[in-house]
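What follows is a short report on a single structure.
Read-outs throughout are calculated quantities, based only on the coordinates presented, and are distinct from any laboratory measurement. Just so we're clear, the structure is a prediction, and the values are computed from it rather than from any experiment. Virtual Cβ from ideal backbone geometry, glycine too; neighbours counted across all protein chains shown.
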Amino acid sequence: MPVIDFTAFIGRLATAAGETILPFFRTSLSVDNKSVNDFDPVTEADRVAEAVMRRLIKANFPQHGIIGEEFGNECEDAEYVWVLDPIDGTKSFIGGFPIWGTLIALLHKGTPVFGMMHQPYIGERFSGDNGSAHYSGPSGERRLSVRRCASLSEATAYTTSPLLMNATDRACFARIESATKLTRYGGDCYSYCMLGAGHLDLVVETELKPYDIAALIPIVTGAGGIVTTWEGKPAQSGGRIIAAGDPRVHEAAMKLLNG
């Protein structure tokens, strides 16, 4: 079954999740902590939105697998598997900042073949299928394309927060900060979409889960960028991730991070 058959359905998933999440945004919703040693927040909006998407998937594609942040994995060895993160950027969500999004990926035989980031409050969607990537939002619709950047000294880099890294990885990332023209924090999934849109050049992260990155890979690669682990391997399983718009920046970042 060609990937294009799923495009309209992915849009339905995004719309359903957004309609579920928005009534919770900028309200006094309760927040639970999923972590014993840190602060890993989850809200009722996360849970309800993922439940809605799971129900739609099971009703329309019962033979497909699902990997989700809130309710675990089902049939993850299926030929087609959906990877869901109902709210990527929950810390921004609970702070009232609209720098979060719903991530939806479709894997075929383990490889991400379509991804979407939907931000319902702003009304933006970023999508990609590895061959091309597209934006739809208040400013219209357009094809996404990364920008060229010859070196780290000319690059703008993003990470969600160095405090999310262990001490060793934080020291490696400090070398990136010293080498780039500008480094900023925050963004979560939005950083990768802005990379695909040509507004920044490099994203470096650690400790990512599959649902944090799977949907973003087809967007970045579809826009002409590169997403790998720090070691240059496929990134869909998560871990330590480098995303770059220009292969020269990607190569230079890998050398610094692994040096």
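Relative contact order for the chain: what percent, with Cα pairs under 8 Å and sequence separation of 6 or more?
On the way: 610 pairs, mean separation 41.6, N = 259.
Reported as a whole number, the value is 16 percent.
Calculated FRET efficiency, ALA16 and ASN166, Cβ-Cβ r, R0 22 Å, to nearest 0.05?
Details: r = 37 Å, r/R0 = 1.68.
According to the calculation, E is roughly 0.05.
Extending 7 Å from Cα along the Cβ direction at ILE122 and again at ALA59 yields two label points whose distance is 3.0 nm. A Gaussian network model of the chain, with springs between Cα atoms under 10 Å, assigns the largest mean-square fluctuation among GLY101, GLY115, GLY68 to GLY68.
Please report how many Lys pairs in the chain have alpha carbons closer than 16 angstrom, counting only residues at least 8 apart along the chain or sitting on separate chains. Numbers along the way, then the final one.
Values: LYS34/LYS91; LYS34/LYS209; LYS209/LYS233; LYS233/LYS255.
Lysine pairs, 8 or more places apart or on different chains, close enough: 4.
Comparing mean-square fluctuations of VAL203, VAL52, VAL81 from a GNM of the chain with C-alpha springs under 10 Å, the top value falls on VAL52.
Please work out the FRET efficiency for the pair LYS233 and SER145, using the Cβ-Cβ distance as r and a Förster radius of 35 Å; give the result to the nearest 0.05.
Details: r = 25 Å, r/R0 = 0.72.
With R0 = 35 Å, the Cβ-Cβ based efficiency is 0.90.
Peptide packing for 165-178, 219-232 was compared via the average number of neighbouring C-beta atoms within 10 Å per residue; ordered from the highest value, the list is 219-232, 165-178. If both residues of a DSSP beta bridge must be in the chain, then about 80% of such bridges are antiparallel.
How long are the semi-axes of the equivalent ellipsoid of the chain, defined as square roots of 5 times the Cα gyration tensor eigenvalues? Whole Å, largest first. Kindly include the intermediate steps, with their values, before the conclusion.
Values: eigenvalues 152, 87, 62 Å².
Semi-axis lengths for the chain are 28, 21, 18 Å.
Only beta bridges with both residues in the range 152-258 are counted; by DSSP, about 60 percent of them are antiparallel.
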